[in-house]
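Have a look at the structure below, then the notes.
The values are calculated or read from the model by the stated rules, or taken from the named source; none is laboratory data. Bear in mind the structure is a predicted one, so any value in this text is a computation, not a measurement. Here the Cβ is made from the backbone with ideal geometry for all residues, glycine too, and neighbour counts use every protein chain on show. Heavy atoms of the whole protein, side chains included, go into the accessibility calculation; ligands, DNA and RNA do not. Shrake-Rupley method; radii C 1.70, N 1.55, O 1.52, S 1.80 Å.
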Amino acid sequence: MDLKKLGAFALTSAIVCAALYGTAAAETLRLSHNTGDATTWHKGAEKFNELLSAETGGEMTVRVFPNATLSGGDQMKQAEMVSRGALDFVITSAINVTPLVPEMAVFSLPYLYANYEQVDATTDGAPGDKMKEIMDSHDIVVLAWGENGFREVTNNARPIKSPKDMKGLKMRVAGPMYIDVMNALGANPQQMQWTETFTALQQGVVDGQENPIGAVIIPQRVYEVQKYLTAWHYSYDPVFLGISKKRWDSFDAATKEKVQKAASEAMAYQKQITRESTEQGIALLREKGMEVYEPSAEELQAFRDATKPAFDTWAAKVGTDLVTSFQDAVAAA
Ligand code: X2X
């Protein structure tokens, strides 16, 4: 084939491709998250793909990878991969980012929040924006906050009604701050990947774990391997939809606007379905055979007092100014 023919062939191929796929520039971006494909995290990710495809007329689509498969099953590694541009998008929760950005632990300080109004006052207000700035300095652009939720404790040994009931329980936790919280309660914590936790609970490697009801416990059927749940609301965990700064900076202004719009809407949806599922959650878990305990205000205070050392340790790591800005927003809500 001479050069002229080769050129004509290449041109024809390009035209055929463009006709077949609508545009030659269609691109698929990758999104990693670290829960299963039935969770509200996953539904939020799928919604983001749907909205972004619609917004861009099919020019941009998002392929969703659950269970942290793109980071070799390591849920904490996702943030680091996004920050160096090895992943486009991530949906993960605050606690998973704390090895890279310790300040993210501020959200989950034990008993910082008592209700959703207080949560929203921080994520939708100046404290949430400050956290976006800090994340940005680690090359992760937080497009929108979503929700994992208030984390509740489950176990197979006994009902948990007071801190002394936690003594000696082998607890699976997600990240470093929860190790300190569990130690303050006299439990035996160990850090473990979420994807390995169901089997560990089933086989009795650990007695218990803690996770939000609507986003994780129900969709991942934790009730099949756990008998007792206490709704102690000890730590709130937000999720966020983030993009690598490298990828974000490669977009023009119009594209940024479309990505931002799809992300905001997808995470608003994710938060809404998480809260709906949580609201029905305790009744459903009882139906499934779990024994659910809802502590009184005084009982909650006992957990708050017992976890105070972990609050203080992590408030110091996070920085007093940041903690105070969160506490001020909470108090004003
Ligand atoms: O690992 C967990 O416990 C989970 C799924 O909630 C988080 O990613 C923090």
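Results, tabulated for the structure shown:
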{"read-out": "Output for the range 185-206, where each listed residue is open to solvent by less than 40 Å² (accessible area, probe 1.4 Å), away from the ligand (no atom under 11 Å from the Cβ) and under 23 Å from Thr39 (Cα atoms)", "value": "Ala200, Leu201, Val206"}
{"read-out": "Residue match in the range 207-228 (condition: surrounded by fewer than 21 Cβ atoms within 10 Å (Cβ to Cβ) and touching a Pro at 6+ places or on another chain (Cβ under 7 Å))", "value": "yes"}
{"read-out": "Among the candidates Met177, Met182, residue that is touching a Pro at 6+ places or on another chain (Cβ under 6 Å), open to solvent by less than 30 Å² (accessible area, probe 1.4 Å) and within 16 Å of the ligand (Cβ to nearest atom)", "value": "Met182"}
{"read-out": "Residue match in the range 252-275 (condition: assigned to a helix (DSSP H, G or I), buried (at least 23 other Cβ atoms within 10 Å of the Cβ) and charged (D, E, K, R))", "value": "yes"}
{"read-out": "Every residue from the range 240-267 that is closer than 17 Å to Ala54 by Cα and in contact (Cβ under 8 Å) with a residue 60 or more places away in the chain", "value": "Thr255, Lys258, Val259, Gln260, Lys261, Ala262, Ala263, Ser264, Glu265, Ala266, Met267"}
{"read-out": "Those residues of the range 289-312 which are over 22 Å from Val181 (Cβ atoms) and either surrounded by 12 or more Cβ atoms within 10 Å (Cβ to Cβ) or modelled with pLDDT under 95 (or both), in sequence order", "value": "Met290, Glu291"}
{"read-out": "Residue match in the range 142-163 (condition: assigned to a helix (DSSP H, G or I) and away from the ligand (no atom under 16 Å from the Cβ))", "value": "yes"}
{"read-out": "Subset of the range 96-129 [among the hydrophobic types (A, V, I, L, M, F, W, C), within 12 Å of the ligand (Cβ to nearest atom) and farther than 26 Å from Ala297 by Cβ]", "value": "Val97, Met104"}
{"read-out": "Filter result for Gly168 (assigned to a helix (DSSP H, G or I) and free of Cβ contacts under 8 Å to residues at least 24 places away in the same chain)", "value": "no"}
{"read-out": "Any hit, the range 133-148, residues being surrounded by 23 or more Cβ atoms within 10 Å (Cβ to Cβ), under 30 Å from Ala302 (Cα atoms), among the small types (Gly, Ala, Ser) and modelled with pLDDT of 95 or more", "value": "yes"}
{"read-out": "Ala306 under 24 Å from the mean Cα position of the chain (by Cα) and not aromatic (Phe, Trp, Tyr)", "value": "no"}
{"read-out": "Count - residues of the range 182-224 that are under 19 Å from the mean Cα position of the chain (by Cα) and closer than 30 Å to Lys308 by Cβ", "value": "15"}
